[in-house]
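The values are calculated or read from the model by the stated rules, or taken from the named source; none is laboratory data. Note that the structure is a prediction, hence the values are computed from the model and not measured. Cβ atoms come from the backbone with ideal geometry, glycine included; neighbour counts cover every protein chain shown. Side chains are part of the model used for accessible areas, which takes the heavy atoms of the whole protein and leaves out ligands, DNA and RNA. Shrake-Rupley method; radii C 1.70, N 1.55, O 1.52, S 1.80 Å.
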Amino acid sequence: QQHRFPERMPYYKLKAAIAEVLQPDSILELGVYYGYAAHAFLHGNPKSQYLGIDIDSNPSSGSPNSLAYAKNLLPKEKCQLLKLDSKTFSVFPGDIYDLIHVHGRQNGEGIYRDLELALAQGRWILVDGYFWTKEDFHETNAFLLRHQDIIEYAFIIPGYVGEFLLKAKEEYLE
């Protein structure tokens, strides 16, 4: 798909590199859209099992049926896609994930809530779109400040829309 979005190739290469370095056995993604980030993660670590959750509505993806496109793009034996709204969860499906990918482009309150749930179930959490909106930026930083005692590492990666990668303390997850 690189011919379709050449300006975004560094963005997807970064996703693949993160998966290659972290080697997550399990990935949860909130906001699948067309599945390109999932495809990049699986390119970086082909052994990963992937669960993607997306509301699949015009405001979230910019186009109806983006989840159907993702289902055709991603390997069925490694991926499960659910058409659900992450706002309806008090806990995400499954247990502990090695990597949880939280897409930005939400309102600030939505990203804060997703991050709180992700911290309870994710060893590594990658916030996509850290610099995308003022609200997401502020709420991600408010989250970091509030939960600093249970975060082992936090990294800011500049780029297309900015990435924020954090690692939860293992004893917190246990």
Return the residues of the stretch 115-158 that are in a loop (DSSP other than H, G, I, E, B) and loosely packed, with under 14 Cβ neighbours inside 10 Å; say none if nothing qualifies. PRO158
Checking LYS167 against (1) part of a loop (DSSP other than H, G, I, E, B); (2) modelled with pLDDT of 95 or more, the condition it does not meet: (1)
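Before we move on, is LEU73 at pLDDT 95 or above, open to solvent by 10 Å² or more (accessible area, probe 1.4 Å) and either touching a His at 6+ places or on another chain (Cβ under 9 Å) or over 18 Å from LEU165 (Cβ atoms) (or both)? Give the derivation first.
Numbers: at pLDDT 95 or above: no; open to solvent by 10 Å² or more (accessible area, probe 1.4 Å): yes; either touching a His at 6+ places or on another chain (Cβ under 9 Å) or over 18 Å from LEU165 (Cβ atoms) (or both): yes.
So LEU73 fails the test.
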The stretch 98-114: number of residues that are open to solvent by less than 20 Å² (accessible area, probe 1.4 Å) and in contact (Cβ under 8 Å) with a residue 60 or more places away in the chain: 6
For the stretch 75-92: of the residues being of a type outside the set (S, T, N, Q) and in contact with a strand residue (DSSP E or B) (Cβ under 7 Å, 6 or more places away or on another chain), which is nearest to ASP114 (Cα to Cα)? PHE92
Specify the residue that is nearest to LEU81 (Cα to Cα); the eligible residues are those in the stretch 17-58 that are surrounded by 24 or more Cβ atoms within 10 Å (Cβ to Cβ) and of a type in the set (D, E, K, R). ASP54
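Pull up the stretch 162-174, narrow it to residues that are more than 13 Å from the chain's Cα centre (by Cα) and in contact (Cβ under 8 Å) with a residue 12 or more places away in the chain, then point me to the one that is most open to solvent (accessible area, probe 1.4 Å). Step through it out loud before you land on a result.
Step one: filter the stretch 162-174 for residues more than 13 Å from the chain's Cα centre (by Cα), giving 167-174.
Now narrow it down to the ones that are in contact (Cβ under 8 Å) with a residue 12 or more places away in the chain: 167-170, 172-173.
Details: LYS167: 33, ALA168: 0, LYS169: 62, GLU170: 55, TYR172: 97, LEU173: 26 Å².
The selected residue is TYR172.
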